[in-house]
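The values are calculated or read from the model by the stated rules, or taken from the named source; none is laboratory data. Nothing here was measured: the structure is a model prediction, and the numbers come from that model. Here the Cβ positions follow ideal geometry from the backbone for every residue, glycine too, while neighbour counts run over all protein chains shown. Please note that ligands, DNA and RNA were not included when accessible areas were found on the heavy atoms of the full protein model with its side chains. Shrake-Rupley method; radii C 1.70, N 1.55, O 1.52, S 1.80 Å.
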Amino acid sequence: MAAKPLNQSAALRVGLAGLGTVGGGVMSVLSRNAEEIGRRAGRPIQIVAVADLDSAKRKEAQSNGVAAFENALEMLEKAELDVLIELIGGYGFAKDLVLAAVGRGLNVVTANKALLAVHGNEIFAKAEAKGATVAFEAAVAGGIPIIKALREGLVANQILSVAGIINGTTNFILSEMREKGLSFAEVLAEAQRLGYAEADPTFDVEGVDAAHKITLLSAMAFGMSVRFEQAHIEGISRLDSQDIAYADRLGYRIKLLGITRRRPQGIELRVHPTLIPAKRLIANVEGAMNAVVVRGDAVGETLYYGKGAGAEPTASAVIADLVDLARSADVPASSRVPHLGFQPKHREELQVLPIDSIESGYYLRLRVSDESGVLADITKVLADSKISIDAFFQREADDGQKQTDVILLTHTCKESQILSALKTISSLKTVLAAPVMLRVESFE
Ligand code: HSE
């Protein structure tokens with residue numbers, strides 16, 4: 001039996017601000033899968049207006065019968081909309097636009113993690129006061145429905161930790177560095193030439209983009225406000241390919257991980273290059289792919305994998321939000337899934353722990369004189385600091401060289417312990433350069 005036709009007059013009227021890569025993806029997926037999406041939503045989803053600074057893009061939209069505006073604020077004024085999609089990015093004009101939309105009680109769908117990580121508390125509070133919803137599945141890990149999983153699928157659990165590869169650019173760079181033995185700078189230049197990395201890659205390579213995303217996941221995992229300013233952020237620009245090779249020899253891969261974890265004293269919230277045992281699934285996520293591991297007290301470990309960027313994967317998440325809004329149009333905003341998963345009045349302001357209070361395993365690389373007693377001195381400092389060694393090797397000294405690298409992995413300890421031990425180790429006269437320290441995540 002053929003499906004009942006959709007009532008066209010009940011269409012969800014959408015205004016799309018920003019006709020870039022993702023905007024184009026939204027248009028083409030909505031048009032290609034219109035019938036099936038409509039059957040799921042119960043009503044058609046129609047882009048009735050667009051806004052973009054590019055006049056050629058506006059003309060093209062107009063030729064398809066869609067109202068087009070240069071200024072998205074003007075689109076809000078003039079077009080009759082049920083939902084605004086914000087795909088402009090950044091926190092300048094995009095912030096004004098989203099606040100203006102929710103101020104009118106209009107629902108918003110956005111992929112803008114920077115905006116929500118930095119201004120989310122203000123935006124969600126205003127939306128809640130005005131009875132509007134701001135949906136943002138596309139803001140974290142592109143096409144992976146990780147926000148749906150945290151806010152809905154896993155609600156029975158006390159979330160213990162979330163850890164993810166949530167920046168494709170850096171994962172691509174790290175994969176290439178390991179496979180080809182190239183330096184960070186060499187791979188970045190190649191990635192930019194091929195168009196995989198932005199002309200200004202700072203947010204990606206310095207871990208800021210991943211920090212925006214893990215901040216949002218942290219708020220949803222633990223029922224607290226968005227705390228980007230308290231996230232500890234280290235990127236990959238200073239990572240030496242030597243350490244990738246040494247980690248490989250120890251059976252580990254290095255990935256840029258966003259990590260947030262519940263501890264008795266508070267919440268860990270951090271982004272940094274991390275050693276992961278090569279036998280873990282997440283260690284084998286290569287290229288620009290994303291993956292997130294969520295651990296809950298009831299469900300145990302769950303893993304989500306997919307494309308974290310790109311026109312259609314991101315459009316997939318944007319459209320999922322549109323369908324949610326279409327389905328819940330008659331539901332008061334206060335009865336919809338709360339922005340951060342917990343009801344606003346039941347959020348708990350947990351402490352975000354300073355980085356020296358976190359607990360982790362550590363990888364240490366020490367450049368030392370190749371002479372007797374060096375190892376004994378180093379291991380004594382670690383033993384005095386109550387730090388237990390998990391694995392160790394020493395690179396064979398090259399012929400005639402009087403220096404070598406000592407590589408150590410420690411068992412879990414407090415970061416303050418390792419920092420204090422490294423201070424003493426650095427002062428040994430046989431230790432010839434500043435030690436390299438990386439954190440280890442065993443996923444056990
Ligand atoms: N720049 C991001 C990345 C994609 O490289 O993963 C959008 O979040």
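Go over the candidates K130, K113, K148 one by one and state the one that is open to solvent by 30 Å² or more (accessible area, probe 1.4 Å), charged (D, E, K, R) and in contact with a Lys or Arg (Cβ under 7 Å, 6 or more places away or on another chain).
Details: K130 fails: in contact with a Lys or Arg (Cβ under 7 Å, 6 or more places away or on another chain); K148 fails: in contact with a Lys or Arg (Cβ under 7 Å, 6 or more places away or on another chain).
Of K130, K113, K148, the one residue that is open to solvent by 30 Å² or more (accessible area, probe 1.4 Å), charged (D, E, K, R) and in contact with a Lys or Arg (Cβ under 7 Å, 6 or more places away or on another chain) is K113.
Residue-level check: of (1) within 26 Å of the chain's Cα centre (by Cα); (2) at pLDDT 95 or above; (3) surrounded by 14 or more Cβ atoms within 10 Å (Cβ to Cβ), R347 misses just (2). Pairing residues of the stretch 168-179 that are within 10 Å of the ligand (Cβ to nearest atom) with residues that are hydroxyl-bearing (S, T, Y), at Cβ distances under 7 Å and at least 6 apart in sequence or on separate chains, gives T169/Y196; F172/Y196.
Of the strands (runs of 3 or more DSSP E) lying entirely inside the stretch 357-444, those containing at least 1 residues that are among the aromatic types (F, W, Y), more than 26 Å from V293 (Cα to Cα) and without any contact (Cβ under 8 Å) to a residue 60 or more places away in the chain span 389-394. Pairs linking a residue in the stretch 198-209 that is assigned by TED's automatic domain parsing to the domain that holds T170 to a residue that is of a type in the set (A, V, I, L, M, F, W, C) and more than 11 Å from the ligand (Cβ to nearest atom), with Cβ atoms under 6 Å and 6 or more positions apart or on different chains, are V205/I236; G207/I233; G207/V271.
Name the residue, out of I389, I378, that is of a type in the set (V, I, T) and crowded, with 18+ Cβ neighbours inside 10 Å. Only one candidate qualifies: I378.
Quick check, is G306 surrounded by fewer than 21 Cβ atoms within 10 Å (Cβ to Cβ) and more than 16 Å from the ligand (Cβ to nearest atom)? No. Annotation note: of I236, I267, I254, the sole residue that is touching a Lys or Arg at 6+ places or on another chain (Cβ under 8 Å), crowded, with 19+ Cβ neighbours inside 10 Å and closer than 15 Å to I173 by Cβ is I254. Considering each of G153, G181 in turn, give the residue that is open to solvent by 30 Å² or more (accessible area, probe 1.4 Å) and more than 23 Å from A329 (Cα to Cα). That would be G181, the only listed residue that is open to solvent by 30 Å² or more (accessible area, probe 1.4 Å) and more than 23 Å from A329 (Cα to Cα).
What residue, among those in the stretch 56-100 that are aromatic (F, W, Y) and not in a helix (DSSP H, G or I), is most open to solvent (accessible area, probe 1.4 Å)? Walk me through how you get there before you give the answer.
Going through the stretch 56-100, the residues aromatic (F, W, Y) turn out to be 69, 91, 93.
From what is left, the residues that are not in a helix (DSSP H, G or I) are 69, 91.
On the way: F69: 27, Y91: 90 Å².
Top of the filtered list is Y91.
Regarding the stretch 72-91, can at least one residue be identified that is within 28 Å of G296 (Cβ to Cβ) and not small (G, A, S)? No.
Scanning the stretch 180-190 for residues that are of a type outside the set (G, A, S) and more than 16 Å from the ligand (Cβ to nearest atom) turns up K180, L182, E186. Among residues of the stretch 280-298 that are outside the structural domain of I254 (by TED's automatic domain parsing), none has a beta-carbon under 6 Å from a residue that is away from the ligand (no atom under 14 Å from the Cβ) and assigned to a strand (DSSP E or B) at least six positions away or on a different chain.
Report yes if some residue within the stretch 409-428 is basic (K, R) and over 28 Å from R227 (Cβ atoms); otherwise report no.
Start the filter on the stretch 409-428 by keeping residues that are basic (K, R), which leaves 414, 423.
Subsequent filtering for residues that are over 28 Å from R227 (Cβ atoms) retains 423.
Yes.
Every test in (1) farther than 26 Å from R227 by Cβ; (2) out of contact with any helix residue (DSSP H, G or I) (no Cβ under 9 Å at 6 or more places or on another chain); (3) within 16 Å of the ligand (Cβ to nearest atom) is passed by S316 save one, and that test is (2). The residues on offer are A191, A221, A245, and the sole one that is crowded, with 24+ Cβ neighbours inside 10 Å and part of a helix (DSSP H, G or I) is A221.
Would you say R261 is more than 14 Å from the ligand (Cβ to nearest atom) and surrounded by 22 or more Cβ atoms within 10 Å (Cβ to Cβ)? So R261 fits the description; yes. Within the stretch 203-218, the set of residues being more than 11 Å from the ligand (Cβ to nearest atom) and either more than 17 Å from S161 (Cα to Cα) or open to solvent by 20 Å² or more (accessible area, probe 1.4 Å) (or both) comprises E206, G207. Each residue in the stretch 280-296 was checked for being away from the ligand (no atom under 14 Å from the Cβ) and either aliphatic (A, V, I, L, M) or open to solvent by less than 10 Å² (accessible area, probe 1.4 Å) (or both), and 6 pass. For the stretch 116-127, the set of residues classified as open to solvent by 30 Å² or more (accessible area, probe 1.4 Å) and within 16 Å of the ligand (Cβ to nearest atom) consists of V118 only.
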